[in-house]
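Please read the structure below before turning to the comments.
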Amino acid sequence: MKSPLLSLPGAVPAEGRDEGVAAHYGDLFREQRALADGSGLVDLSHRAVVTVTGSDRLAWLHLLLTQHVSELAPGQATEALILTANGHIEHALYLVDDGETVWMHAEPGTQGDLIAYLDSMKFFYQVEVADRTEDFAVVYLPAGSIAEVPDGVTVRETAYGRDLFLPRAGLEEYAAAHGPVAGILAYEALRVEAHRPRLGFETDHRTIPHELGWIGTAVHLQKGCYRGQETVARVQNLGKPPRRLVFLHLDGSEVVLPGHGTPVRLAADGVEGRQLGFITTSARHHELGPIALALVKRNVAVDAELLAGDTAASQETVVEP
């Protein structure tokens, strides 16, 4: 779904998973600084929007999600995962309940599979699942923003900022009133800085929540009865996830950032050494320079100097080994 904000001056379309919104509007670092200062907004209108209504919505979702949501208070934001039977991450959901409806946004294009799974699990519960992507656009306001929220708009507020479920027809008018608009590259750079994982970037077909630090933020360890819970409990008790997320400071002399999937090796072994992981997301940060998140084997020493492709990288621990 192509955003109308791509018609704004300087807009450069994003590619890949973020196709449909702007990568930037001509000045990546200015856009990042604006967000860091609490001004402006990010167009996330390409993200999937799904709602769940009905009197059983919270009790029902509680049985399916990794998060404790049976007593979720109106306006309280949370995030949750849907796992496979083997405990691998299948969906990452960002939720809020407004007292009558659970609103959630998810990765672009995933709503079909998500809704198909939810519908298959309805049974006798009084719930209705709906795809609202065509009608509502997600807009991100950074932490500290004083931008007004229109009456009736559902807001998901966290320490990182606010996600608005804005009627799509009002997107251009809202952006004109509360800009400047920043592109997805600025948003992603701040996400990487905050060590926040993203489905499809920090995950592959075998990723489990412990590897990314999603335990605590998206997984509640005192609840059970959800698909994949046995794996979560086993890894929690043994304390040995096979991989761990790390934050990398990349050599700033390199012109090209290492892309998603770039092999990570020990610097001491050189570019022909054994692969120990891969780059998940890389970005150019307005203060830190080139940075990245990577998924590496658990036994990689926390102080080891690394190579991302042929780019030197020093690591910070995100998930303890």
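The values are calculated or read from the model by the stated rules, or taken from the named source; none is laboratory data. In this text, all values refer to a predicted model and were calculated from it rather than measured experimentally. Quick reminder, even Gly has a Cβ in these numbers, built from the backbone with ideal geometry, and neighbours come from all protein chains shown. Side chains included, ligands, DNA and RNA excluded: accessible areas come from the protein's heavy atoms. Shrake-Rupley method; radii C 1.70, N 1.55, O 1.52, S 1.80 Å.
Based on alpha-carbon centroids, what's the gap between segment 1-72 and segment 246-289 in Å, whole number please?
26 Å
For Thr158 paired with Arg298, estimate the spin-label separation in nm (one decimal), with each label point 7 Å from Cα along the Cα-to-Cβ line.
Those two pseudo-labels are separated by 2.5 nm.
Given Ala130, Leu141, Gly10, which one lies farthest toward the positive end of the charge dipole of the chain, if we put +1 on the Cβ of every Lys and Arg and -1 on the Cβ of every Asp and Glu?
About the Cα centre, the residue reaching furthest to the positive side is Ala130.
Could you give the nm distance between label points at Ala85 and Glu172, where each point is 7 Å from its Cα heading toward the beta carbon?
So the label points at Ala85 and Glu172 sit 5.0 nm apart.
Hey, quick one: spin label on Asp310, modelled 7 Å out along Cα-Cβ, who in segment 246-264 has an amide N within reach, i.e. under 17 Å?
251-259, 262-264
Which GluC sites (Glu not before Pro) in segment 79-174 pass both tests, a DSSP loop state and at most 12 other beta-carbon atoms within 10 Å?
Passing sites in segment 79-174 are Glu100, Glu134, Glu148.
Where a Cα-Cα gap under 18 Å defines reach, which aspartates and glutamates qualify for Lys2, not counting those fewer than 8 residues away within the same chain?
The reachable aspartates and glutamates, counting only those whose Cα sits under 18 Å from Lys2, are Glu15, Asp18, Glu19, Asp43, Glu107, Asp131, Glu134, Asp135, Glu172, Glu173.
First check a/c for segment 90-202, with a ≥ b ≥ c the square roots of the eigenvalues of its C-alpha gyration tensor; if it is under 1.5, answer rounded, and if not, answer prolate when a/b is larger than b/c or oblate otherwise. Walk me through the numbers before you get to the answer.
Details: a/c = 1.99, a/b = 1.37, b/c = 1.46.
It comes out oblate by the Cα gyration axes.
How big is the dipole moment of the chain about its Cα centre under a simple scheme where the beta carbon of each Lys and Arg is +1, that of each Asp and Glu is -1, and everything else is neutral? Debye, nearest 20, please.
The calculated dipole for the chain is roughly 900 debye.
How charged is the neighbourhood of Thr133? Take every other residue with its Cβ under 12 Å from the Cβ of Thr133, and add Lys/Arg as +1 and Asp/Glu as -1.
-1
Which lysines have a Cα lying under 26 Å from the Cα of Lys122, excluding residues fewer than 8 positions away in the same chain?
Lys223
For q values of 0.17 Å⁻¹, compute log₁₀ I(q)/I(0) with the Debye formula on a Cα-only model of segment 266-321, without solvent.
-0.54
Can you compute the FRET efficiency between Phe29 and Ser120 using 1/(1 + (r/R0)^6), with r the Cβ-Cβ distance and R0 = 41 Å? Round to the nearest 0.05.
That gives a FRET efficiency of 0.35.
Short version: ³J(HN,Hα) in whole Hz for each residue of segment 143-152, in order, from phi by Karplus 6.51 cos²θ - 1.76 cosθ + 1.60 (θ = phi - 60°), x for Gly and Pro, what are they?
Residue by residue, segment 143-152 yields 4, x, 5, 10, 4, 6, 10, x, 4, x Hz.
Can you give the FRET efficiency for Arg234 and Ser55, using 1/(1 + (r/R0)^6), R0 = 30 Å, r = Cβ-Cβ distance, to the nearest 0.05?
Values: r = 35 Å, r/R0 = 1.16.
That pair, Arg234 with Ser55, gives E of 0.30.
Between Glu128 and Asp204, take the C-beta separation as r, use R0 = 35 Å, and let me know the FRET efficiency to the nearest 0.05. Intermediate values should be presented prior to the final figure.
Working: r = 33 Å, r/R0 = 0.94.
Using R0 = 35 Å, I get an efficiency of 0.60.
Over the Cα atoms, compute the radius of gyration (one decimal) and Dmax (the largest Cα-Cα distance, rounded to a whole number) for segment 48-131, in Å.
Calculated on Cα positions, Rg and Dmax stand at 11.7, 33 Å.
Given an 8 Å cut-off on Cα distances and at least 6 residues of separation, report the relative contact order of the chain as a percent. Intermediate values should be presented prior to the final figure.
Details: 720 pairs, mean separation 60.4, N = 321.
Relative contact order comes out at 19 percent.
If I take all pairs of Cα atoms in the chain, what percentage of them are more than 34 Å from each other?
Beyond 34 Å sits 25 percent of the P(r) for the chain.
Over segment 48-131, what is the mean sequence separation of C-alpha contacts under 8 Å (at least six apart), divided by residue count, expressed as relative contact order in percent?
RCO, segment 48-131: 40 percent.
Net charge near Thr203, counting Lys/Arg +1 and Asp/Glu -1 over other residues with Cβ under 13 Å of its Cβ?
Taking every other residue near Thr203 into account, the sum is 0.
Under the rule of at least 5 residues apart or a separate chain, name every residue whose amide H is placed under 5 Å from the amide H of Glu90.
Those qualifying (amide H under 5 Å, at least 5 residues apart or on another chain) are Ile82, Leu83, Thr84.
For Lys240, go through the lysines and keep the ones whose alpha-carbon is under 16 Å away, minus same-chain ones fewer than eight residues off.
Within the straight-line cut-off, Lys240 pairs with Lys297.
With the full set of protein chains in place, find how many percent of the accessible area of the chain is carbon and sulfur; take the probe as 1.4 Å.
In the chain, the share of accessible area belonging to carbon and sulfur is 50 percent.
Kindly sort Ser145, Ser120, Ser55, Ser70 by accessible area of their heavy atoms, largest first, with the probe set to 1.4 Å.
Greatest to least solvent exposure: Ser55, Ser120, Ser70, Ser145.
Excluding Arg243 itself, calculate the net charge of residues whose Cβ lies under 13 Å from the Cβ of Arg243, where each Lys or Arg counts +1 and each Asp or Glu counts -1.
That sum, taken over residues with Cβ under 13 Å, equals +1.
For segment 43-49, just list the computed ³J(HN,Hα) in residue order, Karplus coefficients 6.51, -1.76 and 1.60, θ = phi - 60°, integers in Hz, with x standing in for Gly and Pro.
Along segment 43-49, the couplings run 7, 10, 6, 7, 6, 6, 10 Hz.
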